[in-house]
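Undergrad: If you scroll down you'll find the structure; I have some questions about it.
The values are calculated or read from the model by the stated rules, or taken from the named source; none is laboratory data. Because the structure is predicted, anything quoted here is derived from the model rather than measured. Cβ atoms come from the backbone with ideal geometry, glycine included; neighbour counts cover every protein chain shown. When the accessible area is computed, the model is the full protein with side chains, heavy atoms only, and any ligands, DNA or RNA have been set aside. Shrake-Rupley method; radii C 1.70, N 1.55, O 1.52, S 1.80 Å.
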Amino acid sequence: APTTMNRPLLISCLLASAGSISAFAPPQSSTVSAIGRRRSTTPLFSAIVPPPEERSDANPSTKFGSPLSDGLKEANRWSIGFLKGTIFDTFFAGEDRAYARFYALETIARVPYFSYLSVLHLYETLGRWRRAKYLKLHFAESWNELHHLLIMEELGGNDRFLDRFLAQHIAFGYYGVVILSYLINPIFAYNLNQDVEEHAFSTYDEYLRENEEMLKGQPAPQAAIDYYIDGDMYMFDEFQTNCEMRRPKIENLYDVFVAIRDDEAAHVETMKTLQTELDVASIHDGECEVDIF
């Protein structure tokens, strides 16, 4: 006659089976740059989300987020590509519209960081979660995008009322969208902004390749000199979360656009990191093995 497995034995078997899942966990990962590296490593975000009381509070994604499906990631990528094709490629078409396009891009690109800060301040006010590092990081990112915007304004990108109207009203609506998505799932919001920053990187990279000779013959705007050369570089360093100590060379307008393009690449890498369990690194907080000169 069949025997019935007693309850303690059944529980032991289930626990043993659950423990075997760890064999499929992703390998440990660390970020290494040409100049510095992180002091510690952490496994990437597991596909199995633990209950809220057991979650790590390393970053907003591990505390409040859930991993995205490939379908959601593709939907984010498609939506940004659609907006690029229907609005930016149409409304800002023409060789004389490049600076206006960049002005609109930078006006909108600042918005997610404002949204992240608003939600993180809300969490802190309500006593839900407090990590000052992420307030500093997202402010540093917004500070960087502000100076991109100041450069485009100095180049005349905001001369037309209609350009300002369109960019500012899209930014206003986008602010609410990002706040809502960040409240629901920070990983979704970071993934969406990753696609925005990748679009910005490719836009500047294409412009540099097509206009190198013309740009090298023009002086650098004063706003770029004030930020990249004469300014306090503390906030600039704070959004370089890959432990790289960057000091852009600014001798002409080409160098300015190279620096902006590379800034966008740094934002992309930060957005990727924030979708994992990796804690972002800060050069000035002693979290990177890098020589500061």
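Undergrad: Suppose we filter segment 155-164 for residues that are of a type outside the set (K, R) and surrounded by 15 or more Cβ atoms within 10 Å (Cβ to Cβ); how many remain?
TA: Initial filter on segment 155-164 (of a type outside the set (K, R)): 155-159, 161-163.
When the remaining residues are screened for being surrounded by 15 or more Cβ atoms within 10 Å (Cβ to Cβ), the result is 155, 157-158, 163.
Here the count works out to 4.
Undergrad: Of the residues that make up segment 255-264, is at least one within 20 Å of the chain's Cα centre (by Cα) and over 18 Å from H147 (Cβ atoms)?
TA: Going residue by residue through segment 255-264, those that are within 20 Å of the chain's Cα centre (by Cα) are 257-264.
If we keep only those that are over 18 Å from H147 (Cβ atoms) too, we end up with none.
There is no residue in segment 255-264 that is within 20 Å of the chain's Cα centre (by Cα) and over 18 Å from H147 (Cβ atoms).
Undergrad: Okay, next question. Given the criterion surrounded by 17 or more Cβ atoms within 10 Å (Cβ to Cβ) and either on the phi < 0 side of the Ramachandran plot or free of Cβ contacts under 8 Å to residues at least 12 places away in the same chain (or both), identify the matching residue among S66, S61.
TA: Working: S66 fails: surrounded by 17 or more Cβ atoms within 10 Å (Cβ to Cβ).
Sole residue among the options that is surrounded by 17 or more Cβ atoms within 10 Å (Cβ to Cβ) and either on the phi < 0 side of the Ramachandran plot or free of Cβ contacts under 8 Å to residues at least 12 places away in the same chain (or both): S61.
Undergrad: Can you tell me which residue within segment 222-265, out of those that are touching a residue at least 24 places away in the same chain (Cβ under 8 Å) and of a type in the set (V, I, T), is surrounded by the fewest Cβ atoms within 10 Å (Cβ to Cβ)?
TA: Here the residue is I225.
Undergrad: If you don't mind, another one. Output the number of residues of segment 104-152 satisfying the condition of being open to solvent by less than 10 Å² (accessible area, probe 1.4 Å), hydroxyl-bearing (S, T, Y) and touching a residue at least 60 places away in the same chain (Cβ under 8 Å).
TA: Residues that pass the stated criteria total 3.
Undergrad: Another question, if that's okay. On the given criteria, is E213 free of Cβ contacts under 8 Å to residues at least 12 places away in the same chain, over 17 Å from Y116 (Cβ atoms) and either acidic (D, E) or surrounded by 15 or more Cβ atoms within 10 Å (Cβ to Cβ) (or both)?
TA: Numbers: free of Cβ contacts under 8 Å to residues at least 12 places away in the same chain: yes; over 17 Å from Y116 (Cβ atoms): yes; either acidic (D, E) or surrounded by 15 or more Cβ atoms within 10 Å (Cβ to Cβ) (or both): yes.
Yes.
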